[in-house]
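Report on the following structure.
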Amino acid sequence: MAKIIVNGSIVKFPTGGLVQFMMAYIIGLKKLGNEVYFIEKSEWEYACFDMSQLIMTDDCTYGLNFLNNLMRKYGMENNWCFFDYKRNYYGMDQNQLNKLFKECDVYLDLEWGEWDQGSENVPIRVFIDGEPGWFQFKLRNMVSEGQSLPKYDHYFTDGFNIGEEGNIIPTVGIEWKKAWTPIIIENPKLSYQPPVKNAPFSTVMNWKSHKEVTFNGRVYGQKNIEFEKFMSLPKFVKQAMEVAVSGEGVPHQKLKDNLWSVKSAFDVVPTVDAYHDYIGRSKGEFCIVKNVFVDSQCGWFGERAGYYMLQGRPVISQDTGFSKHLPCGLGVLAINTLDEAIEAIDRINSEYTKHAQSAIEMVFEYFDSDKVLKKIIEKIGI
């Protein structure tokens, strides 16, 4: 058993999808018998999102309550620390945190460089990249500008094509080990519940989650760019299509004019349970991917798709190059064009139960946190 610190963002961004991503590492490592702690830092003003008011604020009360309740659910109410912009400690105090850094075996960073002072002497430092392509372009630009990068003993990415022959993404001199994002399977015997009649293909998304990145004179953007390719899809299929969306510049009227059912993402992700309930009310996922993932062909496959699949909801996703590494055609269909999207929906609807069962089987084979995290642990030598 190892003592492991996981650094991430839950207090600052307490929304179902992002929290589920973070908790998969925290709970997944705990399931494997490790002693796990979560830490988080707020390094700038107005860094905390208050879901109850939909505002950015310095008041971290909403996020703190969210995190404390979540950790208590897993018997980890004493295993966390949040350090705010005003230098206040919550959960563990400064002395407890310093002691933990001295005693722990592994520091696993999901945020890049926030706790360099404190974690620098931990025996094994690990970074997990969840933004393949975008992140490496950013690092290359930083190096070109003369900036130094934090040092880790191991670097992992879910961009399975990074470093492969012909791929445009720079490695920045780093050996990027590959690992799918883990999916927590809390009930391995979960019985499949078919969707209700007229359930939509859906997705949960941020229209424009962060800034573009420029590399070698080319600008790589976000989902707003890619969605335009499929804007008219509902007009060509006999299938309800829905998007739960938030973010800057969402074209609500244009979406409705093209027959999309539109919900606020904030209404469906206030908690992890609400997030999974929304997935369960869907027939499958139609996954629009960030432009940077598509254009860089990084090989990313999203963990949200994995949670759709776990409930027997097939996934149609733009191909980021993941089709080189995952079996596609049954349960998961990779697409590039509007015509392929139309065909994929028809294929799934014609043999829905077969696709649903295959989706579930793929989660257990490729994304189960037990398997994914065991491989990571083996690769870092603990």
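The values are calculated or read from the model by the stated rules, or taken from the named source; none is laboratory data. Keep in mind that this is a model prediction, so the values were computed, not measured. Here the Cβ positions follow ideal geometry from the backbone for every residue, glycine too, while neighbour counts run over all protein chains shown. Ligands, DNA and RNA are excluded from the accessible area calculation, which covers all protein heavy atoms including side chains. Shrake-Rupley method; radii C 1.70, N 1.55, O 1.52, S 1.80 Å.
So the values come out like this:
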| quantity | calculated |
| --- | --- |
| Estimated [θ] at 222 nm from DSSP helical runs (n ≥ 4, -39500 (n - 2.57)) normalised by residues in the chain, nearest 500 | -9500 deg cm²/dmol |
| Lys, Arg +1 and Asp, Glu -1 on Cβ, resulting dipole of the stretch 212-297 about Cα centre, debye, nearest 20 | 340 |
| Solvent exposure of the chain as accessible area per residue, Å², 1.4 Å probe | 44 |
| Bins of 20 Å, starting at 0 and running to the largest distance - Cα pair percent for the chain | 28, 61, 12, 0 |
| Cβ-based net charge around W134, under 14 Å, with every Lys or Arg adding one and every Asp or Glu removing one | +1 |
| Contact order relative to length of the chain, as percent, for alpha carbon pairs under 8 angstrom and 6 or more apart | 16 |
| From the C-alpha gyration tensor of the stretch 278-382, square roots of 5λ in Å | 24, 18, 11 |
| Long-range tail of P(r) for the stretch 232-333 (Cα pairs > 16 Å, %) | 63 |
| Cα-derived Rg to Rh of the stretch 72-223, Kirkwood definition | 1.03 |
| Using θ = phi - 60° and Karplus 6.51 cos²θ - 1.76 cosθ + 1.60, couplings along the stretch 331-337 (whole Hz; Gly, Pro as x) | x, 10, 10, 8, 10, 10, 10 |
| Selection from I5, L54, S264 lying farthest towards where the dipole of the chain points positive, charges on Cβ | S264 |
| Rounded to 5, the percent of DSSP beta bridges in the chain classed as antiparallel | 20 |
| Rounded percent of accessible protein surface that carbon and sulfur make up, the chain, 1.4 Å probe | 47 |
| Whole-Å semi-axes of the ellipsoid equivalent to the stretch 184-291 (Cα gyration tensor, √5λ, descending) | 27, 19, 13 |
| Interchain or long-range residues, amide H under 5 Å from E285's placed H | S202, V315, I316 |
| For the stretch 1-79: Kirkwood Rh in Å [reciprocal of mean 1/r, alpha carbons] | 13.0 |
| Centre separation in Å (Cα based) which lies between the stretch 120-175 and the stretch 42-99 | 28 |
| Per-residue ³J(HN,Hα) for the stretch 211-221, Karplus 6.51 cos²θ - 1.76 cosθ + 1.60, θ = phi - 60°, Hz, x for Gly and Pro | 5, 5, 10, 10, 9, 6, x, 10, 9, 10, x |
| Amide H contacts under 5 Å for F38, placed H, 5+ residues apart | V6, W80, C81 |
| Overall dimensions of the stretch 176-220 by Cα: Rg and Dmax, Å | 18.7, 50 |
| The stretch 104-167: GluC sites (Glu not before Pro) in DSSP coil with no more than 11 other Cβ atoms inside 10 Å | E145, E165 |
| Mean Cβ count within 10 Å, highest first, over the residues of peptides 191-200, 261-270 | 261-270, 191-200 |
| Radius ratio Rg over Rh of the stretch 136-236, counting only Cα atoms, Kirkwood formula for Rh | 1.07 |
| Ratio Rg/Rh [Cα only; Rh per Kirkwood] for the stretch 52-114 | 0.98 |
| Helix axis angle, 94-103 relative to the chain longest principal axis, alpha carbon, degrees | 90 |
| Unit charges on C-beta of K, R, D, E only; dipole of the stretch 169-270, Debye | 240 |
| With 5 Å bins from 0: P(r) over the stretch 6-165, alpha-carbon pairs, percent | 2, 8, 16, 21, 21, 16, 10, 5, 1, 0 |
